[in-house]
Every structure is written in structure tokens, then in C-alpha cells.
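First the structure, in the form of C-alpha cells, and then the observations on it.
The values are calculated or read from the model by the stated rules, or taken from the named source; none is laboratory data. Since we're looking at a predicted model, the values are computed, not measured. With ideal geometry, Cβ positions are generated from the backbone for all residues, glycine too; neighbour counts draw on all protein chains shown. Please note that ligands, DNA and RNA were not included when accessible areas were found on the heavy atoms of the full protein model with its side chains. Shrake-Rupley method; radii C 1.70, N 1.55, O 1.52, S 1.80 Å.
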Amino acid sequence: MRYTFKIGEELVKVAPRSMADELILAIGEQNCRVVFDHGREGRCTLTLDGRSYESWVARDGDDIYIKMASHYFKVTAVDPRAAASGASAGAGAISAPMPGVVVEVLVAEGDTVVEGDKLLTIESMKLQSTVRAACDGVVGRIHVSEGSEFNKDDVLVEIESE
Amino acid sequence: MSAVRSFKKVLVANRGEIAMRILRTLKDLGLPSAVLYHRQEIESPALSFADEAFEVFGDTPVSAYLDIPQIVELCKKHGVDAVHPGYGFLAENAAFVRALDAAGVCFIGPRPEVMNLMGDKIGSRDFVAERGFPIAPSVIDDGDEDKLIASIIEIGFPVLIKASAGGGGKGMQIVREADGLRDIVATAKVEAQRYFGDPRVYAERYIESPRHIEVQVLGDEHGNCVHLWERECSIQRRFQKVIEETPSPALTPELRKDICESAVGIAKATNYTGAGTIEFIFAPNGDYYFLEMNTRIQVEHPITEMVTGVDLVAEQVRIAMGHPLSYRQEEIKQVGHAIECRICAEIPDDDFAPAAGKVLMLRPPVGEGMRFDSGSYEGQKVGTAFDSMIAKLIVHAEDRDAAIARAGEALEQFVLLGVETNSDYLGRLLRHPAFIAGETNTGFIKDHAADLGPDALSADLQTAVLATAALSDRQFVAMMDEVPYPYRLMKEWRN
């Protein structure tokens, strides 16, 4: 699974390559060895291929604000599922990142959720993963139930943001 | 002259950083305080900092702060006997002063007659010129074209010609020599007629690359008047000051004495009471001309406080109580160098377009010789309802180079996340060689625009920013925790 981040006008894909002994992130075309410390009160330290970067970080939804090396940056996380579902589904529609089967439905229609809450456990390519709420809101229609099979880009759950 | 009085309750009829600034002094003076607020500002720190807070209502937040009858009514209802207007809003509104007078409430500021006199652009110029102080040579068209041409030549070139009835930049032009002057004036009159329905034109000496230099003054009810030296405010965008400093790098001791004494002379001529500022245009050859007088405390007053050690707001309050000034002229020294940077919610690289958003993180700079005046707070929604200035960063050091370095350190320490500000840009201004050399004028930002663009950032830094962003993103981290990657599984199996 890859994530896309927008910095300036540029879209860059970031994906974990290895999480075994050390974390390796693929950032764009580059593989980087990464150590990250959240620190306290938004003060973060990143070591990237042996070089150290201090920063201040604050998040608001998909927007991540960073002050690093005397400069300010705004990076926006672009949800691949929202991006993949395209114009047919609303902003709160969560669609399948890949074909699979529903293992467990963890919410009911009408539940209030916050961004990041677990909605479904799915199994794809013999691996289980969790589908999470991409925004705060109320669970609208749930298009699947336990055991449902789905295809890539099928809408699984709709979240109505308030 | 009236007797010395005290105040039972002082209302700050303002908001944001200046409300906080005034409240701080009221506390120091041991005076009970109150502040106004509009519903949009319910979380402002000024509300809890003041002893009391009164809500003002209006269709827009700004209209609430301008509602004279409502504010006067609040004063009567809550036993307020003095009002500090801050700057902006009603600070230079003579009708407000008269309404407070009628209600028996003291306005902390000058008398309304002086406010009206100095608030009138042409009237104040004439007043100043009649008393022998320098104004830029000018001529007003009375319909006699030959006389006009002769007067323009007498002013000396370059000359700025504009429509008498005009505003903005329409029909304005700079003429550098007498050749073709008659044709230019004829064209200007046609344009003035077309744009403003009045063919008369106005001409004044055009000062190339001028500096903006102003002098802080204080006057009391006992006829005392002093200056607190100058401030240079040449770094401006859209006629708004961005960086101010004192002393001005342009003034020799003789010129400084001369311009400060002129300012005191002008203030004395009006029998000025309270804090005021006389603004001058300063030409590269050392000539200076009266521009206008601001009859209020100014945004940039802290740099004067830093170099003189005088609390200007405390002096305003004491003067309003009828006390004589706390300082004689010779006691007011200019020590070291101070710089103020205005932090604004704006995008300098997009022609200073205003920015909006929510303040997610705010870390003021802390250190020797650093002062941070702000009414901002985490969670604050910055919109376009008010001015874009959200904080002021002020530094003081032993000399100009040290003050520039300290301002850079303070900007480095300062963190405001969630709303775009000009803080990167302020750093670029401070680092510019022409600024460091003291070669400033009101065209600085335009003249050096090419050098003041965003720094080119290394690819490594962008990669570090993206890694930090990804590892701070809740979903990205959740995805790493949840998705059982083959590499991770292999490690778990080995265990």
C-alpha cells in the first residue's frame, strides 16, 4: 500500500519498504533509512540516512504543518482510496484498495466515528488489514457484511461528515 | 489645566495584541480593567486577562468595535470612567471623544479639536507650513495654466502631478524636466476631468527613494512636550509597515536633533496632550518634510519603549489623569537598537495575499532582549474579519548588527503552525545585504523583489519534510501498524 502526499504542487508517493530491523521508506524514487521520534509537544526529530532534522509538527485533518530548517511547509495527505473512488463516490465514501473479503464489520449505521476509527477488518491476498474512517462523521450506508466479497474500488462504507 | 484625578475602571476599546499590551500596563498601574469583545473572539486571552469583558454586537466584528453609542452605553452601565482606544477603530475619531465627554468618561488621548486638525490632510499641512516647519513644496491649480506652469518650475524637478480630486494612482505621473511640461499638464487636466469630473491638478516635489522617518512625542496638560526619538519605517508593502527600527541608520546626530525638535515644535503648536507621532518623508539629501501626525499610540511603539525604557501606555494614562510627564527631555536616552517585525497572516510570494486558517501551534520566542506582543492563541481561527497582523516580534540589542542578528534568532525560535505567515519572508528581508547596510527606502520591497523570493530548497530537505509528514500522519502510521508486511512477518516468525 502506498500513500500520496502533496507538497507545493507536487504529488509524492511514500511507502514503507521494510519495517524489520530498521524502517526504510520509499519517498518518491528514493529509499531512505529513517528513525523518527515524536518528541514532546510537537517537537520531532528525524534521522534520515544518518542526517538529523529537527522540526515542529502540527496536524489538522489531512493537512500536516511543519517548520523545519527555518522554513514552513504544508503537506497534505491524499487518501488513495478517496482518490481511487473518484467522482462517483462522495468525499466520505471509503472504497476498497484491492479485491478481497470482509472479515468483520466493526461499526453500525448511525455510529459516530472520528478520523482513524476502525470500520472493517478485511482480508486481501491472504493478509488481514483494517479499514479506517478517513474523516470525522456518522457512519452512513454500509455496503458490505461479514463474508462479502468485493472488488477493487467498490464502495464499502460511507461516512457522512458533519 | 485640571486637577489630577484617578480612574476607577479603564475600558480598552480594542482587541488582539494591542488590547493585551494596554491591559498589561493597566495591571502594572493597579487599575481595574475591562475589554470589549465580539462573539467571534470569545476565546481571546484578553477576556481572561482583563478584570471584566463586555460583549459588543455588530453585523460584522469590525462594525461592533466602531459602534459609538453601544460602547458609551457599556461605559455608563459598568461604571467605566476612562477609555483607552488603542490604534485603529475609534482611536482617531473625534465624535467618539465628544460622546465620551458628554457621558463624563475620560478619553485617553488628545483633545478632539487636535484630532480633527491633524486628521485633515490639507489642513494639517497648512497648519504646519504656517508655523515654519518643512512641507514638500507644492502647488494647487487655480485654473490659471500659465501661473501653474511657472509654479511647477519653481518647485523644482522631479515633480509629481496628480488630479486635485483624485485618489489612488489614477492620472498620477512623475515629470523630470521642464521640456514638454505644458503638454503633460494639459493631458493631466483632460484625464482629471475624465476620471474625477474636475480638471484641476495638484503638483508637489517628488522625493525619489525616500525613507519614512517618524518621531514619537508626548505632551501633557501642563504645557510640557518631549520627543522620544525617531523610528524608521521604510520597509513597507502596500503602504503598510512591515519592519520598523530605531535609531534610523540614515540620521546623523545633527539631523536627528533637528528632525526631533521639529516634531516637538509641531506638537507644541497644537498644545498636544497624550502620545502622538509626527511622520516625515526623508529625502536622500537629508531634506525632510512633514507628512502627517498620528494622534494615537502606534503599532510600532514598542521599539521606542525598548530603546528609551519608557512605558508609553503608562504615560498616556498618567497624562489623561492630569499628571505632568514623568520625564524631562534630557532624561530620555536612546540606548542600543530595536527592531520590530510584524507577523502577518499573508502569503508574501503571492503578492501578500491574506491567509486564513486555524492556529494549531504557537511558540513565542523567549530570550534576552526579545519581546513578543500578540493576542493570538492556539485554536484561534484567523480569517479576514480583522487586519492580517497577528503578532509583533520586537528585539533590542546594543547596536544595529546585533539587533538584526537577534531578530533573526527570534524568528528562528518563533513557531506558528496552521496559518501561513510572512515569517520566512521577514527573515529574507533581515538577511538582505541592502537592509544590513541600512540602505532602506519605501521602495525597498519592490526594488529588491527579485532577491526576496523563496529560498531554493534542497531535495534532501524536501525528502526529510515528506518523511516527517508521513510519520506524523495518523493514517500512514496506522497503516504501517496494521498491514502485516512480509518483511515484518518474517521478523516475527524468526522470533
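Which fully enclosed strands (runs of 3 or more DSSP E) of the range B:225-286 have 2 or more residues being of a type in the set (K, R) and either in contact with a strand residue (DSSP E or B) (Cβ under 9 Å, 6 or more places away or on another chain) or assigned by TED's automatic domain parsing to the domain that holds B:D311 (or both)? Give the steps one after another, and end with the answer.
Values: elements: B:225-237, B:240-246, B:274-282.
Output list reads B:225-237.
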For this session: From the list A:V107, A:V34, pick out the single residue that is modelled with pLDDT of 90 or more and within 8 Å of chain B (Cβ to nearest Cβ).
Result: A:V34
Problem set entry | Search result, residues across the range B:346-373 that are without any contact (Cβ under 8 Å) to a residue 60 or more places away in the chain and of a type in the set (V, I, T) | B:V366
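Of the residues A:V101, A:V114, which single one is at pLDDT below 90 and either within 14 Å of chain B (Cβ to nearest Cβ) or in contact with a helix residue (DSSP H, G or I) (Cβ under 6 Å, 6 or more places away or on another chain) (or both)?
Details: A:V101 fails: either within 14 Å of chain B (Cβ to nearest Cβ) or in contact with a helix residue (DSSP H, G or I) (Cβ under 6 Å, 6 or more places away or on another chain) (or both).
Residue meeting the stated conditions: A:V114.
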Seminar exercise, completed: Flagged in the range B:197-225 as at pLDDT 95 or above and open to solvent by less than 10 Å² (accessible area, probe 1.4 Å), in numbering order, are B:I213, B:E214, B:V215, B:Q216, B:V217, B:L218, B:G219, B:D220
Exercise. Can you find a residue in the range B:113-125 that is free of Cβ contacts under 8 Å to residues at least 12 places away in the same chain and either closer than 24 Å to B:V185 by Cα or surrounded by 17 or more Cβ atoms within 10 Å (Cβ to Cβ) (or both)?
Worked result: yes
Exercise. When you scan the range B:361-414, how many residues do you find that are surrounded by fewer than 18 Cβ atoms within 10 Å (Cβ to Cβ) and part of a loop (DSSP other than H, G, I, E, B)?
Worked result: 13
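Anything in the range B:346-360 that is in a loop (DSSP other than H, G, I, E, B), open to solvent by less than 30 Å² (accessible area, probe 1.4 Å) and within 12 Å of another protein chain (Cβ to nearest Cβ)? List them, or say none.
Step one: filter the range B:346-360 for residues in a loop (DSSP other than H, G, I, E, B), giving B:351-352, B:355-356, B:359-360.
Filter again for open to solvent by less than 30 Å² (accessible area, probe 1.4 Å), leaving B:352, B:355, B:359.
Residues satisfying the conditions are B:A355, B:V359.
Rundown of residues vs (1) more than 8 Å from every other protein chain (Cβ to nearest Cβ); (2) modelled with pLDDT of 90 or more, yes/no style:
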| site | (1), (2) |
| --- | --- |
| A:F5 | no, yes |
| A:K13 | yes, yes |
| A:M19 | no, no |
| A:A26 | yes, yes |
| A:R51 | no, yes |
| A:R59 | no, yes |
| A:I64 | no, yes |
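Does B:R406 fit the bill of being in contact with an Asp or Glu (Cβ under 9 Å, 6 or more places away or on another chain), assigned by TED's automatic domain parsing to the domain that holds B:I343, farther than 25 Å from B:F89 by Cα and among the charged types (D, E, K, R)? So that I can check it myself, show each step before the final result.
Working: in contact with an Asp or Glu (Cβ under 9 Å, 6 or more places away or on another chain): yes; assigned by TED's automatic domain parsing to the domain that holds B:I343: yes; farther than 25 Å from B:F89 by Cα: yes; among the charged types (D, E, K, R): yes.
Against the criterion (in contact with an Asp or Glu (Cβ under 9 Å, 6 or more places away or on another chain), assigned by TED's automatic domain parsing to the domain that holds B:I343, farther than 25 Å from B:F89 by Cα and among the charged types (D, E, K, R)), B:R406 qualifies.
Yes or no, residue by residue, for (1) modelled with pLDDT of 95 or more; (2) more than 9 Å from chain A (Cβ to nearest Cβ); (3) open to solvent by 30 Å² or more (accessible area, probe 1.4 Å):
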| residue | (1), (2), (3) |
| --- | --- |
| B:F435 | yes, yes, no |
| B:G438 | yes, yes, no |
| B:F444 | yes, yes, no |
| B:L452 | yes, yes, no |
| B:D455 | no, no, yes |
| B:T463 | yes, no, no |
Problem set entry | Tally, over the range B:227-244, of residues that are modelled with pLDDT of 95 or more and either under 17 Å from B:V114 (Cα atoms) or of a type in the set (F, W, Y) (or both) | 1
Exercise. Restricting the search to the range A:128-153, which residues are in a strand (DSSP E or B) and either more than 14 Å from chain B (Cβ to nearest Cβ) or touching a Phe, Trp or Tyr at 6+ places or on another chain (Cβ under 7 Å) (or both)?
Worked result: A:G137, A:V138, A:V139, A:G140, A:R141, A:I142, A:E149, A:F150
